[in-house]
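Notes to accompany the following structure.
Every number here is computed from the coordinates shown, using simple stated rules; none is lab data. These figures come from a predicted structure and were not determined experimentally. Positions of Cβ are generated from backbone atoms using ideal geometry, with glycine treated the same way; all protein chains shown enter the neighbour counts.
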Amino acid sequence: MTILSDRRAGLFTGSPSRTLHFLPSTALVLDGLVVAASAGLAAFGRDRLPMFHAGSDITSSLDAVGPLIVLGWLLSLGIAGSYRMSLFGAGTDEYKRVATASLFTAGLVGVASYLAKYDLSRGFYFLLFGIGLPAVVLGRYALRDALHRLRRHGRLQHRVLIAGSPSHIDEVAAVLRRESWLGYRVVGSLTPAHFTDEETSSGIPVLGNSDDVTAAVREHGADIVFFAGGALTSANQMRRIAWDLEHEDVQVVVAPSVTDVSGERVRIRPVGGLPLMHIDAPRATDASRWGKRLFDIVGSAALLVVASPLFLFAGLWILIHDRGPVLFKQERIGRGGREFACLKFRSMVVNAEELLAELHEQAGYDEGLFKMKDDPRITRPGRWLRRFSLDELPQLVNVLRGDMSLVGPRPPLPLEVAKYEGDTARRLRVRPGMTGLWQVSGRSDLSWTEAIRLDLYYVDNWSMLQDLSILTKTLGAVLRRRGAY
């Protein structure tokens, strides 16, 4: 989505999002506290740590320079634009600006001390920026996390109007509903004049025609107007509407007919006054290269060593419980449609497969991987193992031998693959993963359609940073036990 006009993004007259006015000042106060605390810790560490101790107290020499460094750091953050309203809530630009400004401050302090021949303690200098830079970034992350939590609970919401054809309106509204952390609350839609229904097929009320955007904004107190496909008939009409909304304290957003494309694959390049969106090719090939494979080999080997006590404990408990096999092998489909034996700790009774048909009938099974809450086939050790996803630890062996990856789409059953239609088969272009977007987004609570959408998004938008992010979030998903049964 391309923001065409965010000059007045901080104004939210007449809506709960008015509180967002305080985000820049809150961030400024938070940065100031973090930088000041980092300076205090740096001074304390310089005087107390033996590696820096030089027999002299530097506190008195920092009485004047210390506050100047703190103020200069905050000034650099402001000049870098890290307090712009449009940065808060989403994207990596905020973190990039904060890191760049912090590195600039470090360089400026070093050069200024050299030119002024000021004897600034090197221990203090390295501790200050070694502690302060990551601390400022983490502070911004904490502020964003708090904002997302409030938005998920219905606070600090933007009031949104969507203009366009009914089908495009429903597509945009579905994305905004799904990503509730963005804080976009759709209050209504504006459709072409020939559409006379009172609401779209997904239930979005129609508040007027797309030609009457300015009047609708005034009447319903909208903060943001999304222009989806079919909203306008010409570029001139878009320009006139932007002029009309110039004094209405509202953001204008164009939502192109492109979904499930990561920001790393999108570049906006204005040419002759025309903002052109360039979309890089899908990254399924990148997800299969040696870098990811090397990461899988090293990561799985290290985790096998660390988790070896858990392997021993789980294996003994399963064996003692019913004298059955410790491991359960199930045929799954891997990269390129190749079958492999997916390993798990056995969490069900020995004759679990024989009871499956009856459970299918009871649960009304239709398609996808079959899971049910309170499955009577699960054993006592199996219930504990599943609660924390420990039953999947043997899949580290699958990763080590190349059947799977640490991160990737969920490994499907042959029965599922036989029913694949259309684009669904794209998920087989990469190795399946022990964890993935499906794991950190709800696991068994996800619908079949949503699970496939997440898998395809991963395949098309792979990056190593995304893999690291998923691995970090997996720990939280496992501890919360959301969708684990």
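Ranked by the mean number of other Cβ atoms within 10 Å of their residues, highest first, the peptides 193-200, 179-186 come out as 179-186, 193-200. In a DSSP loop and with at most 13 other Cβ atoms within 10 Å, the trypsin sites (Lys or Arg not before Pro) in segment 251-334 are Arg289, Arg323. Rounded to the nearest 20 debye, the dipole size of the chain about its Cα centre is 1480 debye, using +1 on the Cβ of Lys and Arg and -1 on the Cβ of Asp and Glu. Just name one of Ala228, Tyr114, Leu138: the one whose Cα is farthest towards the positive end of the charge dipole of the chain (beta-carbon charges, Lys/Arg +1, Asp/Glu -1). Farthest along the dipole direction, towards plus: Tyr114. Amide H contacts of Ala163: Leu190, Phe226, Phe227, Ala228, each under 5 Å away and 5 or more positions distant or on a separate chain (H built 1.01 Å from N in the peptide plane; Pro and chain starts excluded). For the chain, the normalised intensity computed at q = 0.06 Å⁻¹ comes to -0.39 (log10 of I(q)/I(0), Debye sum over alpha carbons, equal scatterers, no solvent). Taking a ≥ b ≥ c as the square roots of the eigenvalues of the Cα gyration tensor, segment 157-259 is classed as rounded, since a/c falls below 1.5. Taking amide H as placed 1.01 Å from N in the peptide plane, Leu327 has its amide H under 5 Å from the amide H of Arg346, each at least 5 places away in sequence or on another chain. Projecting the Cα atoms of Leu176, Pro166, Gly154 onto the charge dipole of segment 136-184, computed from C-beta unit charges around the Cα centre, puts Gly154 farthest toward the positive end.
Look at the alpha carbon pairs under 8 Å that are at least 6 residues apart: their mean separation over the length of the chain gives a relative contact order of 13 percent.
Between Glu264 and Leu304, the modelled label-to-label distance comes to 2.8 nm, taking each label 7 Å out from Cα in the direction of the beta carbon. Residues Trp438, Trp73, Trp384, arranged from fewest to most other Cβ atoms within 10 angstrom of their Cβ, appear as Trp384, Trp438, Trp73. Where does the charge balance sit around Ala231 when Lys and Arg score +1, Asp and Glu -1, over other residues with C-beta under 15 Å from its C-beta? Local charge sum for Ala231: -3. Just to be sure I understand: of the beta bridges DSSP finds with both ends in the chain, what percent are antiparallel, rounded to 5? In the chain, DSSP labels about 50 percent of beta bridges as antiparallel. Legend: calculated FRET efficiency, Val111 to Leu33, from the Cβ-Cβ distance at R0 = 25 Å, rounded to 0.05, equals 0.40.
Helices in the chain, meaning DSSP H runs of at least 4 residues, each add -39500 (n - 2.57). Divided by all residues, the mean residue ellipticity at 222 nm is -14500 deg cm²/dmol. Using 0.36 nm per residue and subtracting the Cα-Cα separation, the extra length available between Arg149 and Phe44 on full extension is 34.3 nm.
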